[in-house]
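Here's the structure we're looking at; comments come further down.
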Amino acid sequence: MLNISSNDKIDSDKTFSDPFIKFERSSSHKDISFRDLVLSIKQYTITAFMPKDYHDSVTKDYWGFMKWQFYHNIAGSVTGVLSTQSLIYAMGLGANSIPLAAALNWIIKDGLGQLGGVIYAASINDRFDSEPKRHRFQSVIVMQWASLLEFLGDITGKSGSQSTAAGLLGTASITVYSASQSIIPIMICFIPFSIFNIYSSYRSNLYVTTNTLNVPRAEMILYGILKSLDERSNLSLPHNNVIKDLIPTPKNISSREIFVGYYHSSFKIPLVIEPALHHYTSQEYTNNLITSLTHKGFIHSEEYFILHTPNRNSGNKQHVVLWFSQNAKSKDMIKGFYHACAVRYLLEGHDLFKLDKDYNDFIFNIMKISHEWVENSFEIFLKVLVKKNWEIEHTFLTDKNNHRLSIDN
């Protein structure tokens, strides 16, 4: 049993019976609660919209990307409601159609998601019927992986929260504004929001850094290396430190990437990757194709094949063709692309119309010199790529594997 002294009882009773003291304590408690409320709201907001430990868990570019992506989502919701309302006006439903426009805009987004599922099922086609167990098992694996990502994908989850909040804000604001407006003010409002939507999307993309290798990024890396080495030492085998200095980081390449409009290669001679082989089986290409498929000029066989098409007779623009074998791995694909770019660079500035009978010897020497150079520098090149945080296990140098080659010796 807990014993309380009489003096303690008196003090306690006085404290709770004195109105002034009671008011003073309540006031102090109220002040603290208000500050706590503000801090709690701030903390809950950060928790809802930002990844855990975002100061350390994401890059410095994340805030800029998230800010412009948030603006983009707001503007997108506004233009979505406005465009839907304009459609309803055209149907003659009048100014009271704003709630319907907002509802339809929401439904259309979900409907597009369902449509995407239908398109995917159509692309798989009868493969569902041919291997139902395989596809069913794969769907279970993917579903479980997606469930796991809900726990692990903190950044992705917060991105969803940001998108949802921006969408709600944009939809609500434009619904309040346009409820009593006619079609003309709505159209005037739509144009700046549409422009801002595109602009904010563009700005958010500027903060995105991709460390995987696709054709434009790989070409920017290799052209810079080849041009710098050519200017320094006429493409002689470089020292390790030279290669290290010449390979840019994903951040450097990201600032030079072109995602608005068409990409134009720095190489003057085009590269065609894995075209259908039957396009090059005519008499015009026979000798060149045999040379390519037998790896003539190579130090040893590779898991890729390079063909040069001069088109001297027709006068069409020359180009280089690159195929990969069915056994080619990511490393082989990077090496083949590396070799093809070296061939393209060495061919620049040569007039093949004047070579005539010397053409075969010329191409043989180009293949030999370039392969020796690639063979001696590729491992260094690959190590520096990894050191500079480039992803080399998964590449996007080709879209499909439909035209991989298998050559029987």
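The values are calculated or read from the model by the stated rules, or taken from the named source; none is laboratory data. Bear in mind the structure is a predicted one, so any value in this text is a computation, not a measurement. No Cβ is skipped: glycine too gets one built from the backbone with ideal geometry, and neighbour counts run over all protein chains shown.
Scanning region 214-234 for residues that are at pLDDT below 85 and crowded, with 19+ Cβ neighbours inside 10 Å yields a single hit, Leu229. Taking region 342-358 as the range and being modelled with pLDDT of 80 or more and either among the β-branched types (Val, Ile, Thr) or surrounded by 15 or more Cβ atoms within 10 Å (Cβ to Cβ) (or both) as the test, the residues that pass are Ala342, Val343, Arg344, Tyr345, Leu346, Leu347.
Scan region 265-280 for residues that are within 19 Å of Ile363 (Cα to Cα) and exposed (fewer than 15 other Cβ atoms within 10 Å of the Cβ) and jot them down. Answer for region 265-280, where residues must be within 19 Å of Ile363 (Cα to Cα) and exposed (fewer than 15 other Cβ atoms within 10 Å of the Cβ): Lys268, Pro270. Screening Asn211 against (1) surrounded by 15 or more Cβ atoms within 10 Å (Cβ to Cβ); (2) modelled with pLDDT under 85 leaves a single unmet condition, (2). Restricting attention to region 259-268 and to residues that are within 20 Å of Leu226 (Cβ to Cβ) and in contact with a helix residue (DSSP H, G or I) (Cβ under 9 Å, 6 or more places away or on another chain), the residue that is modelled with the lowest pLDDT turns out to be Tyr263. Given the criteria closer than 30 Å to Val384 by Cα, of a type outside the set (Phe, Trp, Tyr) and in contact with a Pro (Cβ under 6 Å, 6 or more places away or on another chain), does Leu213 qualify? In short, no.
Please verify whether Ile273 is at pLDDT 80 or above, in contact with a helix residue (DSSP H, G or I) (Cβ under 6 Å, 6 or more places away or on another chain) and β-branched (Val, Ile, Thr), treating the condition exactly as stated. It is false that Ile273 is at pLDDT 80 or above, in contact with a helix residue (DSSP H, G or I) (Cβ under 6 Å, 6 or more places away or on another chain) and β-branched (Val, Ile, Thr). Residues in region 291-309 that are touching a Phe, Trp or Tyr at 6+ places or on another chain (Cβ under 9 Å) and aliphatic (A, V, I, L, M): Leu293, Ile306, Leu307.
Report yes if Gln283 is loosely packed, with under 13 Cβ neighbours inside 10 Å, more than 24 Å from Asn376 (Cβ to Cβ) and in contact with a strand residue (DSSP E or B) (Cβ under 9 Å, 6 or more places away or on another chain), otherwise no. When the stated conditions are applied, Gln283 does not pass them.
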